[in-house]
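The values are calculated or read from the model by the stated rules, or taken from the named source; none is laboratory data. Small disclaimer: the values here were computed from a predicted structure and weren't measured. Neighbour counts run over all protein chains shown; Cβ positions are idealised from the backbone, glycine included.
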Amino acid sequence: MNRPTVRQLFEEAEAFAPGAPVLPRIRVTDFFEVGALWMGGCLAQIRGTPLKPAPSASLTAHGYLKYGLAVCAAALWVALTLPSDWPYLFPLGVLVFYLVEVNFIFLFPILLDGRKRPMSASFKMTRNLGYIYALKNLAAITFSMLFGGFTGRGFKRSWLVGCLTVLFWYEKARDRDMTR
C-alpha cells in the first residue's frame, strides 16, 4: 500500500468532519483527557466498532510527557543558541520541537487502542513511515491547525480537522504497520 498524501488525508478528514462526534467543553485541567476521548469517539466511528476507554490518567500523563519532552528540547536549543555567536539559530527551536513531537504523532490513538508500550509503538510507527515523510505531513497538519482559522474556516474547526487528519493517517499507518 502506498503512503497517503497529506492532501488525501485532509480530504478524508474534511468529508468525515460534519458527522464527527461533538467535542465536549474543555477546561484547562482536562484538555488532554477530553481531547483524546473525543478522538477515541471519532476513531470508533471511523472503524464502525466501539473502543474500550483508556484510563484518563494515562491520557493526561502521556499528553504532558509528549509535549513536555518537545518543549524541553526546544527550550534547550534556544538556551544554547541565544548566548552563542549564532543567536539567529534560536528560531530553529520550533523545528527541534517538531523533531521530537513527530515521534509521538500517533501516541493518543495508540493509547486509545490500548497497545502495550505506547511510546515505543509510536516511535516504531514513525520510523516505519520515514521521518521526512512524517515530518512533512506533521508540518502541513500543524500549519492548518494553527492558521486555518485565518482563512475563514474557523480556528476550532481547523484544529478538529487536523486531529481527524491524524486519525485517518493513523488508521492507514496502523494497517501498513500490521502487514510488516
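Summary table below
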read-out	value
Enumeration of residues in segment 135-178 that are among the aromatic types (Phe, Trp, Tyr) and either touching a residue at least 24 places away in the same chain (Cβ under 8 Å) or not in a helix (DSSP H, G or I) (or both)	PHE168, TRP169, TYR170
Residue match in segment 130-137 (condition: β-branched (Val, Ile, Thr) and either closer than 26 Å to THR49 by Cα or surrounded by 13 or more Cβ atoms within 10 Å (Cβ to Cβ) (or both))	no
Subset tally (residues that are surrounded by fewer than 14 Cβ atoms within 10 Å (Cβ to Cβ) and of a type in the set (Gly, Ala, Ser)) for segment 138-162	2
Residue ranges of helices (runs of 4 or more DSSP H) in segment 26-134 with at least 3 members hydroxyl-bearing (Ser, Thr, Tyr) and closer than 25 Å to ALA173 by Cα	56-81, 118-129
LYS156, sole failed condition from (1) among the basic types (Lys, Arg); (2) under 20 Å from THR5 (Cβ atoms); (3) modelled with pLDDT under 95	(2)
Subset tally (residues that are touching a helix residue (DSSP H, G or I) at 6+ places or on another chain (Cβ under 7 Å), more than 20 Å from ALA134 (Cα to Cα) and surrounded by 14 or more Cβ atoms within 10 Å (Cβ to Cβ)) for segment 66-115	7
Subset tally (residues that are among the basic types (Lys, Arg) and in contact (Cβ under 8 Å) with a residue 60 or more places away in the chain) for segment 15-64	2
Top-ranked residue in segment 4-25 [being in a loop (DSSP other than H, G, I, E, B) and within 17 Å of the chain's Cα centre (by Cα); ranked as nearest to LEU164 (Cα to Cα)]	LEU23
Checking LEU51 against (1) at pLDDT 90 or above; (2) surrounded by 14 or more Cβ atoms within 10 Å (Cβ to Cβ), the condition it does not meet	(1)
